[in-house]
Structure formats: C-alpha cells, structure tokens
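A short write-up of the structure that comes next.
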Amino acid sequence: MTHCFYGNDHEDFRRTVRTLVERSVTPKLEEWDEARMIDRSLWKEAARAGAVGLRIPERFGGAGTDDYRFRCVVQEELAEVGAAALASSIAINEDIVGSYLTRFGTDEQQSRWLPGMAAGEVVTSIAMTEPGGGSDLRGMRTAARRSRTGWVLDGAKTFITNGYSSDLVIVAARTGEHDGRARLSLFLVPTDTPGFQRGRKLRKLGLHAQDTAELFFDELRVPADALLGEEGAGFEQLTAQLPLERLSIAWRAMVAAEAAVRWTVDYTRERTAFGQRIIDFQHTRFRLAELTTEVEVTRSHLERLILELNEGTLTAVSGAKAKWWATELQNRVVAACLQLHGGYGYMEEYKISRAYADARVQTLVGGTTEIMKDIIGRGLAGPRPRRDA
Ligand SMILES: Cc1cc2nc3c(=O)[nH]c(=O)nc-3n(C[C@H](O)[C@H](O)[C@H](O)COP(=O)(O)OP(=O)(O)OC[C@H]3O[C@@H](n4cnc5c(N)ncnc54)[C@H](O)[C@@H]3O)c2cc1C
C-alpha cells in the first residue's frame, strides 16, 4: 500500500531523514525531555539534511516542493523513534508558519524570514489561544491598534508551542469588531521586540521536550509591514489553513499509532508468561489484529486526503473528520499497546510510555474533538445539497 503512495524520490529522501534521526534525534531524546527544550543545533542539522524548509521556495533556500508526501516521510521517521515533541515543533514551523508566510507574505516579509527558516536558524510559533479561551477565536481579547508608524499590541497568549525558543511569532489580534465579535488580523512579531515578554515554560503531561509558553504583549510596537495579509482578514486566513493543519495532526496521530503497534508486536514476540510468548495468547493476537486493521484503514483514508491536499481539493470538513478520527484512534491504540506491555509499559525507558503521555494532547490541539464534530455536524444540519447537483 505504502509503495503506491510514495515514489522513488520519497524513498530516497526517507534514507536521508532516517540517517539524521539515528544520528541526531534518537540519542538526544532523553536529554531534551530533561531540558524541556529541543537543542537549537538540531534545527540546523535538519536543515542541512533537507528535512525542514520543504515547502519554502528554492530562491529562499528551501526545497520548493508542494508535494506534502515529503513531509509525511519526516513525520513517519520521527514517529518510529517516538520523537513526538520534535515532530509537532517541526509541524508548527513547516505546516503553519511556513505556510502562512508562503501564502500570505509579501516579498519583503518572505525575504526577511524564509531564508532563516530554511536554514534552521529561525524557529517560529503561532499564537492564537488566550488564557480566556482557545476554541472561540472570535472571543479573542489581544488587541492591535494603529499608531502613527504601525501597530501597538496588548494582550496575552498561552499554551504556545515553541513559545520559549521562537524567534518569530505570528500573533492573532483583534483589530475591530463586527456584530460584537472580533475582527482578527495576523502580525509577524520578532521576539526581540520591546514589549514582548515570555512567561514560564509550562509543565505538561506529555511532550516534555517541547517548550510551551505563555506570551505577553505590553504596548508592543511593530511597523505597518508587520501585518500579514489584509487587515481584518485574520479569521479567514486561519480558516483557509486549517484543513492542512488538521490533516497534519491526523497524519502525526496515525503514524504514531502505527509505530506503537509495531513496537508492541516486537515486545509481545519477545516476552513470555505461562510458558509461552505473550503474542501467542489468543487475546493478544485478536487485540493486535484489531489495532493493526484500524490503523491500516485509517492510513489508506489519510493517504487519499494527502493527495487531495496536494491537488488543492481538501475541504475543511474532510480535515475535521480526519483530525478527530485519527487522534481519538491514536489514543485508543496507544493505550491498548501500553496494556500489552504490562508494567514495563508504564516505565519511562519504554517508548510506549512516552507515546501514551504524548498522545493525549492530540484531541485538544488544533481544535478539539468536540469542535471538529461541530464543524462536521453543522454541515449536515445546514441546507441539503441538491441530489442532482
Ligand atoms: C501542548 C499544547 C500546545 C498548544 N499549542 C498551541 C499553539 O502553538 N498555538 C495556539 O494558539 N494554541 C495552542 N494550544 C492551544 C489549543 O489549541 C487549545 O487548548 C484548544 O484550541 C482548546 O482551547 P481551550 O484550551 O481554551 O479549551 P476551551 O475552548 O476552553 O474548551 C474547553 C472544553 O469545552 C469544549 N467546547 C468548547 N467549545 C465548544 C462547543 N462549541 N461545543 C462543544 N464543546 C465545546 C472543548 O471541546 C473542551 O472540551 C496548545 C495546547 C496545548 C495543550
């Protein structure tokens, strides 16, 4: 199945990524967990190997490819070693900030930021969620007002991935109102701007190696050209990118589940109880049969959606369906795999233990499962499409 989805170019690329992961990721996982931070040197190494900056145009030092399957390869290789924190940090740079800049940035904005991102020298964040709420974006409080020379931002954000280490943050802020609801705009904010402050590195259930932080903006002044795209079009810009963002999370979820099943097959083939291998108990085999089937069915659906993304036909509803399904699946599968590891599954030195903690956030970030179902349900409850249409 996989061989149809990928071509020779992707498999050649996989070899490069695997070498990078073996050399520079696997040996560092524990150190990063302890430091609650990914070493900045990794970004540069990943850039040298061509594993980041994939979509960034070649004139800015990237690979200039719109074929999302290359990014799928990176995520698969990171999932195999249980590097979920790095996988999601890379996705923020590549799938979110990189995509916003390539899609909505002016030539000047792209020339300023994309070469550094492609070289692994600039790490980025996207800041939407606030202490008062994340699901209801139009209830956002952070505000930007015009000044003589540009904009002044005031407010606070929380749960921001890469928030402690990033050099550039795309900040969503209200720049007006319509029917009592915020009109949003997006701003490119360098983190060395006076008035920009980081709060503490937040302690989390999982994804320990990822720095997640609160951010504060106090009379933060940026020039007029910090506005990304049109004033007041932020909500539409965010919405336009959400199918990609959600499919990216769904893919990470599916490949993490796939890796967990592989580790569990290996473990249960080695471990014995009552004089036989754990995998020889009928219950174990049935469980693994169910898990591997569920993951495989999900993979073939997601592969189809990735091809739709490549063709520009992926819809918001398809992205929402993929996201809730795959992330809930990931949580079910990883929990079942941990159970089959017995007590060792609870020990930190086993990858399944970290995978269990790392999986939990997936049904929350990028829109919760409930919000995904609301998007899908609203489509079903709306006007009926004509059957002959
Ligand atoms: C580790 C981590 C990293 C994150 N990284 C980022 C980041 O980089 N940038 C960023 O901007 N944000 C980030 N987030 C925030 C994340 O996107 C939000 O947590 C998420 O959108 C939910 O918002 P909330 O936490 O405010 O929950 P709330 O919006 O307060 O929701 C609470 C509960 O109410 C439910 N609910 C809300 N509205 C509805 C509704 N209409 N119908 C039914 N149920 C509803 C929710 O599903 C949820 O169960 C991150 C979060 C975490 C935990």
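Please treat every number below as a calculation from the coordinates, not as lab data. Just so it is clear, the structure is predicted and the values come from calculations on it, not from any experiment. A quick note on method: Cβ atoms are made from the backbone with ideal geometry, for glycine too, and the neighbour counts reach across all protein chains shown.
Neighbour counting of Cβ atoms within 10 Å sorts the residues Tyr267, Tyr344, fewest neighbours leading, into Tyr344, Tyr267. Label separation (Met347 vs Asn310): 4.3 nm, computed from points 7 Å beyond Cα along the C-beta direction. Annotation: extensible slack from Ala240 through Arg200 equals 11.3 nm (criterion: 0.36 nm per residue apart, minus Cα-Cα distance). Over all other residues within a Cβ to Cβ distance under 13 Å of Leu380, the charged ones net out to +3, with Lys and Arg as +1 and Asp and Glu as -1.
Between Ser248, Ser135, Ser125, the Gaussian network model of the chain with springs among Cα atoms under 10 angstrom shows the greatest mean-square fluctuation at Ser135. Here the calculated FRET efficiency for Leu364 and Arg141, from their Cβ-Cβ distance with R0 = 22 Å, stands at 0.60, rounded to the nearest 0.05. For the residue pairs Lys157/Lys373; Lys28/Lys321; Lys157/Lys204; Lys157/Lys323; Lys28/Lys157; Lys44/Lys373, the alpha carbons lie more than 27 Å apart in Lys28/Lys321; Lys28/Lys157; Lys44/Lys373. Work through the residues other than Gly62 whose Cβ is under 10 Å from its Cβ and net out their charges, Lys, Arg +1 and Asp, Glu -1. For residues surrounding Gly62, the net value is 0.
Note on His283 and Glu230: the model spin-label points, each 7 Å out from Cα along the C-beta direction, lie 6.0 nm apart.
Within region 1-146, the proportion of C-alpha pairs whose separation exceeds 25 Å stands at 35%. Taking every C-alpha pair closer than 8 Å and separated by at least 6 residues, the mean separation divided by the residue count of region 220-301 gives a relative contact order of 24 percent.
State, as an integer percentage, the relative contact order of region 236-381 based on alpha-carbon contacts under 8 Å between residues 6 or more apart. Here the relative contact order equals 35 percent. Taking amide hydrogens as placed 1.01 Å from N in the peptide plane, the amide H of Thr106 sits under 5 Å from those of Gly229, each at least 5 positions away in sequence or on another chain.
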